[in-house]
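Novice: Can you keep this structure in mind? I'll have questions shortly.
Read-outs: derived from the displayed coordinates by stated rules, not from any lab. For clarity, every value in this text was computed on a predicted model and none was experimentally measured. Backbone-built Cβ (ideal geometry, glycine too); neighbour counts: all protein chains shown.
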Amino acid sequence: MVRILDKEFEPYISSEEIKKRINEMGSEISKAYQDKKPLLVSVLNGSFIFTADLIRTIDTPIEVTFIRVASYEALKSTGKVREILGLKENVFGRDILILEDIVDTGTTLEHLSEAFQDLGTKSIKVATLLHKPDAQEKASKPDFVGFEIPNKFVVGFGLDYEGMGRELKEIYQIS
Ligand code: IMP
């Protein structure tokens with residue numbers, strides 16, 4: 001059990017399980033993008049740890065970049081999204097793989113997919129470590145999913161509660 005600010009969280013997915021599943025995702029992604037040199041777009045802040053671990057399991061050439069968007073405040077999705085910040089690469093005609101820590105309502109993803117489509121990308125796929133299928137209101141299912149989880153708040157492995165808890169090695173679920 002860990003306490004972050006006013007909330008208690010219990011262990012949910014161990015670091016061994018996460019490692020094993022990320023390895024499998026790396027193989028799936030390597031196979032899907034053989035000889036395509038995709039641009040992996042990691043959505044900060046939450047996906048930085050997932051990104052670092054995932055790309056080291058990929059054995060086909062890729063490029064990686066980092067962007068920011070925000071649609072979340074504390075425990076509940078606000079449904080508001082901001083613009084893509086920090087994209088320097090020319091994405092016209094490129095195969096894009098968006099890397100997310102978690103897909104909840106799908107608002108972030110819907111916005112990003114539309115924005116990338118407008119920029120003339122060749123293809124857009126999504127890899128997410130966690131997916132809350134019960135909460136998904138928008139966008140289609142991500143193409144590569146680490147774990148399907150219930151609609152409960154989680155922290156750790158890059159995910160935060162009010163900015164805290166990102167450093168936890170395992171994923172914890174709210175008690
Ligand atoms: P969406 O736009 O509702 O799909 O929310 C996506 C973003 O909300 C993620 O990139 C996270 O930053 C944040 N988020 C959603 N659920 C959780 C959670 O259970 N813990 C921590 N952050 C979350």
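Novice: Hey, how much of the P(r) for the chain falls beyond 21 Å, as a percent of Cα pairs? Before the final figure, lay out each step's value.
Specialist: On the way: 6957 of 15225 pairs.
Across the chain, Cα pairs with separations above 21 Å total 46 percent.
Novice: Determine the calculated [θ] at 222 nm for the chain from helices alone, applying -39500 (n - 2.57) to every DSSP H run no shorter than 4 residues and normalising by the residue count; nearest 500 deg cm²/dmol. Don't jump to the answer; show the numbers that get you there.
Specialist: Numbers: 3 runs with 38 residues, N = 175.
Theoretical 222 nm ellipticity from helices: -7000 deg cm²/dmol.
Novice: For a quick check of your reading of the filter: which GluC sites (Glu not before Pro) in region 92-175 sit in a DSSP loop and have no more than 14 other Cβ atoms within 10 Å?
Specialist: Numbers: sites: E100, E110, E114, E137, E148, E162, E167, E170; in loops: E137, E162, E167, E170.
Listed in order of number, the matching sites are E137, E162, E167.
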